[in-house]
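Beneath this line is the structure, given in structure tokens, with notes to follow.
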Amino acid sequence: MAFLSVAFLLLANVAGAFTIRYYNNDSKKYTMEVRSNGSTQKIEFSASTTSSASVQTSASEVEIKTECGWVKVKDGQKISIKNGCIKIE
């Protein structure tokens, strides 16, 4: 029974992950604010790399605060970052 409880909690956490594929053109790591379902979180984008970043939310779309303003991004969407701004691919 304890095993099933732990398995359910792990699945619940995976199901709530919002993932963004990104390419950061800048040699700077960014930590940006993310808004979803009325709450805010932080998301990190490593410098000069292609990778994925995740936040915990059940939303299918989030807003990310960049140096160029707020950008709406959908779950699984690919973005590129240049000069601190996000461009949807």
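Only the coordinates and a few stated rules stand behind these numbers; no lab work does. What you see is a predicted model, and the numbers here were worked out from it, not measured in a lab.
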Checklist entry - For all pairs of alpha-carbon atoms in region 18-88, what percent lies in each bin of width 5 Å, listed from the first bin to the last filled one? => result 4, 18, 33, 29, 13, 4, 0
Item to check | Residues with amide H under 5 Å from that of residue 84, placed H, sequence gap 5 or more | outcome: none
Checklist entry - Using modelled amide H (1.01 Å from N, peptide plane; none on Pro or chain starts), what sits under 5 Å from the amide H of residue 77, excluding residues fewer than 5 places away? => result 21
Next on the checklist: Using the Karplus curve 6.51 cos²θ - 1.76 cosθ + 1.60 with θ = phi - 60°, what ³J(HN,Hα) values do you get for each residue of region 16-28, in whole Hz, with x for Gly and Pro?
Outcome noted: x, 8, 9, 10, 10, 8, 9, 10, 9, 6, 8, 8, 10
